[in-house]
Number of protein chains: 4
Amino acid sequence: MLKYLTAGESHGEAIIAILEGMVSGLKVSSSVINRELKRRMQGYGRGERMGLEKDAVNIISGLKNGATLGSPIAMVVNNKDFSISSLNALSSPRPGHADLAGALKYGHKDLRNILERASARETVARVSVGTVCKILLMEFGIDILSHVVMIGGVEAHTKDLTFDELRTLAEKSPARCADEAATKLMCEEIDNAKDAGDTLGGAFEILVKNVPPGLGSHVQWDRKLDGNLARSLMSIQAIKGVSVGLGAIAARRRGSQCHDEIIYIRERGFSRKTNNAGGIEGGISNGEEIVLRAYMKPIATLKRPLRSVDIKTKKQAKAEVERADITAVPAAGVIGEAVTAFEIANAMCVKFGGDSLSEMKRNFEGYLEQVKEF
Amino acid sequence: MLKYLTAGESHGEAIIAILEGMVSGLKVSSSVINRELKRRMQGYGRGERMGLEKDAVNIISGLKNGATLGSPIAMVVNNKDFSISSLNALSSPRPGHADLAGALKYGHKDLRNILERASARETVARVSVGTVCKILLMEFGIDILSHVVMIGGVEAHTKDLTFDELRTLAEKSPARCADEAATKLMCEEIDNAKDAGDTLGGAFEILVKNVPPGLGSHVQWDRKLDGNLARSLMSIQAIKGVSVGLGAIAARRRGSQCHDEIIYIRERGFSRKTNNAGGIEGGISNGEEIVLRAYMKPIATLKRPLRSVDIKTKKQAKAEVERADITAVPAAGVIGEAVTAFEIANAMCVKFGGDSLSEMKRNFEGYLEQVKEF
Amino acid sequence: MLKYLTAGESHGEAIIAILEGMVSGLKVSSSVINRELKRRMQGYGRGERMGLEKDAVNIISGLKNGATLGSPIAMVVNNKDFSISSLNALSSPRPGHADLAGALKYGHKDLRNILERASARETVARVSVGTVCKILLMEFGIDILSHVVMIGGVEAHTKDLTFDELRTLAEKSPARCADEAATKLMCEEIDNAKDAGDTLGGAFEILVKNVPPGLGSHVQWDRKLDGNLARSLMSIQAIKGVSVGLGAIAARRRGSQCHDEIIYIRERGFSRKTNNAGGIEGGISNGEEIVLRAYMKPIATLKRPLRSVDIKTKKQAKAEVERADITAVPAAGVIGEAVTAFEIANAMCVKFGGDSLSEMKRNFEGYLEQVKEF
Amino acid sequence: MLKYLTAGESHGEAIIAILEGMVSGLKVSSSVINRELKRRMQGYGRGERMGLEKDAVNIISGLKNGATLGSPIAMVVNNKDFSISSLNALSSPRPGHADLAGALKYGHKDLRNILERASARETVARVSVGTVCKILLMEFGIDILSHVVMIGGVEAHTKDLTFDELRTLAEKSPARCADEAATKLMCEEIDNAKDAGDTLGGAFEILVKNVPPGLGSHVQWDRKLDGNLARSLMSIQAIKGVSVGLGAIAARRRGSQCHDEIIYIRERGFSRKTNNAGGIEGGISNGEEIVLRAYMKPIATLKRPLRSVDIKTKKQAKAEVERADITAVPAAGVIGEAVTAFEIANAMCVKFGGDSLSEMKRNFEGYLEQVKEF
């Protein structure tokens, strides 16, 4: 079983994660994590701070000579602007943020004490953790991508693209969107919103390829793969909706138009012509691509701030203006990949056990053989 | 902290749950649970079996003279048709069900070994657990309802209804829908689907009233209230999408049209004019109504069965026809209330601690005072 | 990963357990569990109630035709004297019991509300769970025994006995002690204590044979096998001390007289001539027999009751006299086996993964081969 | 609820811990942690490395201006000799260490890959975590000490000493032993062992003062306070036995000589004249001092090394000689305080809830009042 905790404030010294339970013998390099951290910083519509940051992970435990030991992997990413103690106090909570609810909960009179941790900067830790998980999954041929399917109402059309095309096109797009025409419109919409002092939300899709059937379980509520994926995705800052496969569209279809008929192909085993279920049935992966969507609300910090209340005077005030992203949907997709990678990797570790990569692989291959001969 | 495990197969002897961590001194009566179990069985579009079942819970531990002791509460609901060992083996997995993925995972050649547990009959246990949680929440004035907002593409219009109106109207409707006109159309659509040997999905909304600000936390990914709610809802059989507040609609709005401006009213404290966030910001309840939606795919067992493959012969076959619900969206709403009640009750127990109801209440009231004087 | 919860009061309707996470395809019979439940009831020095009880488990889920499905296993043992609601209230807490601390914690004015759950009758559930775990372990050749090594100061001498001899002799002894002479003295001591209206404690040893090296882990505090075994044993009612291998004796030795030198025998691999470590080094099983001891205080309910205080009047009173065991050390050994079986089985499931017995065995055998070829 | 993970290898860059769940508003200073880290390094019989190390914690998250925010607290202690990748490979496992079992488990051919994490240097992280917990407990008047009661067979006599005397005397003693005469003998015994190239074990006692009644619970096996304390203590490197109160001595007594009679004193409430139970009955704190003992085996690395086997050649070899402590019992007591502090603090957080120190205190005081008026 994998576990992780993250720590760190936005303007604290560093963002930290500990990932516990990883097998030994996995080659992990900081540069792969840094590449993902860079992907996390990009996307049209980010503010200036993003440009300055060049996050670099320091793996301070769990590795020797570039390979995992089996011991916990601690990763630290220093913050360039470590200034938490000198920053001015804030007292006008931003609607849409944890500011007010957090201040009431923890009894803080300086909202900074909340927003420093509530900030999506924390996802630096989750991307680090998720990248190690991706590296593990790659050893089993499991691959994950994300692409933006909507920003500010502009939808992408990507139906006929393959996994590889989606990735290639999305990675080239400033909006991380595989539809070139939509990308252009998205960027325009971002520019418009920027001009208006406003912000945008959107949606991204996650695909996971080559997942074996049998991850997760139907037997207990907290072991369902879709449930755990939903938790991880919904826990990303600003996500307000999560779906699997057709999601809400499935709710409108008749059964005969929704469920994926089962076929059998000698070389491949059981298969489907459609994948409306998004690769999960009964809380268990069914061997098809896992397809997830997450819906993100617009950034809560507006240049033209919303009305709020000063928590000290209780008088009407403008919400604080901390930062100036217009949208972060492209980055959120990268974070979505990371948390998905964690959940899939964890389900793999639970199902296949093993303490070294070679033991885990041997168990995995034995199972694939079992499935083949089923 | 609350925990629960459920057990039991659809045609096994009984469905069982153990709820661990409940405070002492809470009055719990079987009849309240039975009423919820009855609600769970209802709704236009259910098959005949539903009519026969009259679930009655037996609380076999944790209570004395109708009040909780603080010890684990075990609840057993006997199955009327206890016949698991004599039922014939099944070999044609139903698309949309756990049948095939589960059989591959657990190495079963009789699909019944999977579907007996994957069946939504398991939710009898979750409704029992959730009802005890609801009873706890009622002590703190927290109230939960669900109503159906869509079946088979027919949408309800309920925008202007109050919490109480929604409940009253939904409970009277055979579709558990608060819009009378929509109810009629839903029932017609169900009849049509039935005639076609087909099935329907839909969506329901959950509202939670009087939740104090401060449940859940932004500080760690697995403590976010929305994340945990998403997991619990997605873990309900056939749910493919979950949203909080505006959900996917928020993703289309600009920030200025989405976030809920903060006001302050002396008698009520901080408040909002809108509730697009659905009562949760930054993974923390903000004191507004919690608003959740879940999207359910159509029932996977069709009278006019889909194409499948016999797992023994590997030849094409018709999927098994086990049961004949046309839709279960109304019931799913009741289950949604239950799992929501669990998550909110758990967040309450974590925040307020306490081992007796009176201790928990004292802590709660102290906090309300603190919030008031913030 | 295995999990379990137990529920049930001493004079409630039943004692219940749910065991979650068991592989499919394991043959489990009620009669094996009942045999262990019978072993749990025996031992010289038990009161009359024990004679009356004939516990019989009803496995109400997780099995079909005598084999596990992979779904949670719920087990219910009905109480013969189901009378919780009609029993008189108690107000003089017994020193040594949970009575007073529990009443203060949960705010109960009737001590019965505590002692009904604190009673060692709860271990009926743990023995049921542990027996299923033992059955799993037997499939891997792992065998567990317990024997009493001390009662009331009378010590057993069993140094030269083999695993099988220990078991055979202990099972024949009314004190579950493998030393015949000591058994006799123990029984006399029990008779003496009985005559004095007093009670006795003692100690038992657990041995686990054929545990593969590599269970548990040194990498994180909560994954150490010895730590988890200590928790499980210490959680048994009345246990006040737990040790591994030489235990407290190791603390008196020099390193050169304590640590088990490593040898290598071609047919057997790495081995030891001594086993002072009790089969666990660094929180990991090392392939030798696991050796545990638990120390039990005397029964807290005395026929000649201790001084106490009436919780209502606050006046001095005699402690309540609920039941009349003189000692329960022999039974505690059986319970110790059960909780040990759970921990070892869980560590096996974590290390080897797998959802069916055959998958778990394949993974196990692959690992044994790996160790052999190390 | 509190959680923590530790990470870091002995010669890696740093030792790290993340403590999750701490309330806001607690004043924490690095210097207090450093003082405890220094206490952890001391004690007669430590090797030279200890002299060089001057551990200094860097709290990189969770604090602002010296007070906790409520967010996770990450603590990093850099290793002076960061050299893990350049150290030579080791192939002769030390009896008594994780070396061999770990190598087999994780498939490592260089034992360093195991011992780097198995090393007690990891306890730097646990002492850091435990010190934060101690600081929390001090706010509630709860105080913890440890003192050495035995080294290498030399026992201390401290029966008549008060809590404060025990602490003062132990802190002055090079053996952390409150008995001056015994200290002298212990040091001699350490010198003797050193001369012989051998090592020593021993035992320490932990006392916790002012614990309210009601921490932990009897209702479920994994909530018993003594069980959780036993796990934490047994998980400390080299601990082979753990006891509560009289421990193994209780097993030899009759009930009438063992259980602590209950008295009632108007000003103080329920009380005891003796404390043989060590402050825990039925898995619940009873308001008396918590008394724990842990038994430590001798250091496994001997200057005059034990026989072992080279894991590559399979030929007999001398065990590796890594380091040269003669005994670490005095330090182990400090670590014991830390893990005890964590468990008590966690039980406090679970029982009293609260997200800020002032909320937790209010709940605590309400409970004390309740107990007083019981």
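Each value in this text was obtained by applying a stated rule to the coordinates, not by laboratory testing. None of these values were measured; they are calculated from a predicted model. Positions of Cβ are generated from backbone atoms using ideal geometry, with glycine treated the same way; all protein chains shown enter the neighbour counts.
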Quick one: divide the alpha-carbon radius of gyration of segment D:52-152 by 2.2 N^0.38 Å and tell me what you get. 1.43
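Treat the count of other C-beta atoms within 10 Å as a stand-in for reagent exposure and order A:M360, B:M296, A:M1 from fewest to most.
A:M1, A:M360, B:M296
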If I model a spin label at B:K27 and A:E267 as a point 7 Å from the Cα along the Cα→Cβ vector, what separation in nanometres do I get? 7.0 nm
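Taking each residue in C:9-19, count the Cβ atoms of any other chain within 10 Å of its Cβ, then average. What number comes out? Numbers along the way, then the final one.
Working: counts 9, 0, 1, 9, 6, 5, 3, 10, 5, 12, 2.
Per-residue shielding by partner chains comes out at 6.
So for segment A:227-324, what are the equivalent ellipsoid semi-axes in whole Å, largest first, each being the square root of 5 times an eigenvalue of the Cα gyration tensor? Don't jump to the answer; show the numbers that get you there.
Values: eigenvalues 401, 35, 22 Å².
Semi-axes, largest first: 45, 13, 11 Å.
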Taking the radius of gyration and the Kirkwood hydrodynamic radius from Cα positions alone, what is the Rg/Rh ratio for segment A:297-349, to two decimal places? 1.27
Whole-Å distance linking the alpha carbon centroid of segment D:200-231 with that of segment B:304-324 is 57 Å
Can I get the semi-axes of segment D:3-373's equivalent ellipsoid? Compute them from the C-alpha gyration tensor as square roots of 5 times the eigenvalues, in angstrom, largest first. 36, 26, 19
With angles folded into 0 to 90 degrees, how steeply does helix D:357-372 sit against the dominant principal axis of chain D? Use alpha carbons for both and round to 10. 60 degrees
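Give the average, rounded to an integer, of partner chain Cβ atoms located within 10 angstrom of each Cβ in D:271-278. Don't jump to the answer; show the numbers that get you there.
On the way: counts 1, 2, 1, 1, 0, 4, 7, 1.
The shielding value for this peptide is 2.
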How do the peptides C:101-111, D:56-66 rank, highest first, by the average count of neighbouring beta carbon atoms within 10 Å per residue? C:101-111, D:56-66
So what is Rg over Rh here for segment B:55-100, counting just Cα atoms and using Kirkwood for Rh? 1.25
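Could the peptides C:237-243, D:249-255 be put in order, highest first, of the mean number of other beta-carbon atoms found within 10 Å of their residues? Display every interim value, and only then the final one.
Details: C:237-243: 28.0, D:249-255: 23.6.
Top of the packing list down: C:237-243, D:249-255.
At most 16 other Cβ atoms within 10 Å and a DSSP loop assignment: could you name the chymotrypsin sites (Phe, Trp or Tyr not before Pro) in segment B:159-240 that fit?
Working: sites: B:F163, B:F204, B:W221; in loops: none.
Listed in order of number, the matching sites amount to none.
Could you work out the helix-only [θ] at 222 nm for chain D, with each DSSP H run of four or more residues adding -39,500 (n - 2.57) and the total divided by the number of residues, to the nearest 500 deg cm²/dmol?
-10500 deg cm²/dmol
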Provide, as a two-decimal number, the C-alpha radius of gyration of segment C:125-240 over 2.2 N^0.38 Å, N being how many residues it has. 1.23
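So how do D:I142, B:I18 line up by other beta-carbon neighbours within 10 Å, fewest first?
Working: D:I142 21, B:I18 30.
Listing D:I142, B:I18 from fewest to most nearby Cβ atoms yields D:I142, B:I18.
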Quick one: check the C-alpha center-to-center distance for segment D:250-265 versus segment B:27-102, whole angstrom. 47 Å
Sorted from fewest to most neighbouring beta carbons within 10 Å, what does the list A:F364, A:F374 look like? A:F374, A:F364
Relative contact order of segment A:13-115, please, whole-number percent, based on alpha carbon pairs below 8 angstrom and at least 6 residues apart. 30 percent
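Per-residue mean of other chain beta-carbon atoms within 10 angstrom of the beta-carbon, peptide D:120-132?
Details: counts 0, 0, 7, 1, 0, 4, 1, 0, 0, 1, 0, 0, 0.
Mean partner shielding for this stretch: 1.
Mind checking the dipole of the protein assembly as shown: about its Cα centre, +1 per Lys or Arg Cβ, -1 per Asp or Glu Cβ, Debye to the nearest 20?
Details: 204 positive and 184 negative charges, 1 e Å.
My answer is approximately 0 debye.
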Classify segment B:153-221 from the C-alpha gyration tensor, please: rounded if a/c falls under 1.5, else prolate or oblate depending on whether a/b exceeds b/c. oblate
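Let me know the shape class of the protein assembly as shown, please: from the alpha-carbon gyration tensor, a ≥ b ≥ c as square roots of the eigenvalues, rounded when a/c is under 1.5, otherwise prolate if a/b is greater than b/c, or oblate. Walk me through the numbers before you get to the answer.
Numbers: a/c = 1.43, a/b = 1.31, b/c = 1.09.
Note, shape of the protein assembly as shown comes out rounded.
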Highest mean first, what order results for D:303-310, C:275-282, B:38-45, D:153-160 on Cβ atoms within 10 Å? C:275-282, B:38-45, D:303-310, D:153-160
Does segment D:108-157 come out rounded, prolate or oblate by the C-alpha gyration tensor, with a ≥ b ≥ c the root eigenvalues, rounded set by a/c under 1.5 and, if not, prolate when a/b is larger than b/c and oblate if not? oblate
Starting from a label point 7 Å past Cα on the Cβ side, list the distances from B:S85 to the same position in the other copies, nm, shortest first. 3.2, 6.3, 7.0
